[in-house]
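A.B. asks: Take a look at the following structure, please.
The values are calculated or read from the model by the stated rules, or taken from the named source; none is laboratory data. Here the structure is a predicted model, which means the values were calculated and not measured. Virtual Cβ from ideal backbone geometry, glycine too; neighbours counted across all protein chains shown. Ligands, DNA and RNA are excluded from the accessible area calculation, which covers all protein heavy atoms including side chains. Shrake-Rupley method; radii C 1.70, N 1.55, O 1.52, S 1.80 Å.
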Amino acid sequence: MSLYSLLGRIAIVTGASRRAGIGAATCQALAEAGADIFFTYLNAYDAEMPWGVDSDGPEALKTAIEKLGVRCRGFEVNQAEPESAAIIIDRVEEELGKAAILVNNATYSVDADYQTLNAQLLDAHYAINMRGRMLLSVEFARRYKGGPEGRIINLTSGQALGPMPGELPYIATKGAVEAFTTSLAAGVAEKGITVNAVNPGPTDTGWMTEEIKQAILPRFPQGRIGQPGDVARLIAFLASDAAQWITGQVIHSEGGFRRG
């Protein structure tokens, strides 16, 4: 088998509600490498956001993944609920088996600067971006059967590379994810699990207006804006045996995006 094959492995990908998103692209990339896919989504969150709900997205994603010859299940769940971690892992084990790969992609993001930041916004970001993914990560690690195939991959946002003053609760919680990644990696290494974080940089997942695209395009030296498939390919690599010696890292995959 190729070092890049994921044949026979089960992957959990959170936050795959929209076909244009990183979650869906990640499901596709992992499935193309041979992994069975269990993805989560939450339409209620998308309904509150400017991009809106992709109501057919989860079913369309499931159909597309199954056409690749692997098994796939979708599950709507709110990771802000403390019980969601155990519920997700239980469901995976019941429907597919023991998971070897966890991709923490589900994210809560609402703009807030120092003038608008309040306790409610902080709590909403904390519940998903920190508590939800941390509880799911440790539940996954506790139940992992052991062996060198274990992978936890967290999506972060490059908040350590420069200021993002209009997104204070978002960058604070994503910064915590980076710290969590490094220390969790050391804690679960004995079980054969690697833990890494990936920053995809500005990625066109449907949230960018034409004005935003035109403003940031000159800052990409390759002449294009990042696409979901760009980060999905990196995630598939990190999930493979070829990346077995990479752990505790924050990898910036931004196409050379220039800040400042």
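A.B. asks: Looking at the stretch 42-66, I want the residues that are closer than 15 Å to T14 by Cα and touching a residue at least 40 places away in the same chain (Cβ under 8 Å) and have a partner that is open to solvent by 50 Å² or more (accessible area, probe 1.4 Å) and acidic (D, E) with Cβ atoms under 9 Å, at least 6 apart or on another chain. Which pairs are those?
C.D. replies: Filtered contacts from the stretch 42-66: L42/E76; P58/E76.
A.B. asks: Residues in the stretch 21-49 that are surrounded by fewer than 24 Cβ atoms within 10 Å (Cβ to Cβ) and either within 15 Å of T107 (Cα to Cα) or of a type in the set (S, T, N, Q) (or both): how many?
C.D. replies: 9
A.B. asks: Separate question: Look through A197, A239 and report the one residue that is closer than 17 Å to A29 by Cβ, hydrophobic (A, V, I, L, M, F, W, C) and within 14 Å of the chain's Cα centre (by Cα).
C.D. replies: Sole residue among the options that is closer than 17 Å to A29 by Cβ, hydrophobic (A, V, I, L, M, F, W, C) and within 14 Å of the chain's Cα centre (by Cα): A239.
A.B. asks: Further question on the same structure: Would it be correct to say that A197 is closer than 29 Å to M134 by Cβ and either acidic (D, E) or open to solvent by 20 Å² or more (accessible area, probe 1.4 Å) (or both)?
C.D. replies: No.
A.B. asks: For the stretch 174-220, what are the residues that are part of a loop (DSSP other than H, G, I, E, B), touching a residue at least 12 places away in the same chain (Cβ under 8 Å) and over 30 Å from P148 (Cα atoms)?
C.D. replies: Scanning the stretch 174-220 gives P202, D204, T205, G206, W207, M208, F220.
A.B. asks: Now, a different point. What residue, of G223, G256, is over 26 Å from R131 (Cβ atoms), without any contact (Cβ under 8 Å) to a residue 12 or more places away in the chain, open to solvent by 40 Å² or more (accessible area, probe 1.4 Å) and part of a loop (DSSP other than H, G, I, E, B)?
C.D. replies: G223
A.B. asks: Turning to a different aspect of this structure: Residue check, Q79 against (1) over 21 Å from R142 (Cα atoms); (2) polar (S, T, N, Q); (3) touching a residue at least 12 places away in the same chain (Cβ under 8 Å), all met but one. Which one?
C.D. replies: Only one criterion is unmet by Q79, namely (1).
A.B. asks: Kindly provide the set of residues from the stretch 243-252 that are open to solvent by 40 Å² or more (accessible area, probe 1.4 Å) and part of a loop (DSSP other than H, G, I, E, B), ordered by number.
C.D. replies: Q244, W245, I246, T247, Q249
A.B. asks: Could you check the stretch 2-20 and list, in sequence order, the residues that are farther than 22 Å from E149 by Cα and open to solvent by 10 Å² or more (accessible area, probe 1.4 Å)?
C.D. replies: Listed by number, the residues that qualify are G15, S17, R18, R19, A20.
A.B. asks: In addition: Please verify whether the stretch 144-153 includes one or more residues that are modelled with pLDDT under 95 and basic (K, R).
C.D. replies: Yes: the stretch 144-153 contains one or more residues that are modelled with pLDDT under 95 and basic (K, R).
A.B. asks: Looking only at the stretch 1-59, which residues are part of a loop (DSSP other than H, G, I, E, B), polar (S, T, N, Q) and under 16 Å from the mean Cα position of the chain (by Cα)?
C.D. replies: T14, S17
A.B. asks: Across the stretch 200-220, which residue is most open to solvent (accessible area, probe 1.4 Å) among those that are among the small types (G, A, S) and over 21 Å from F237 (Cβ atoms)?
C.D. replies: The selected residue is A215.
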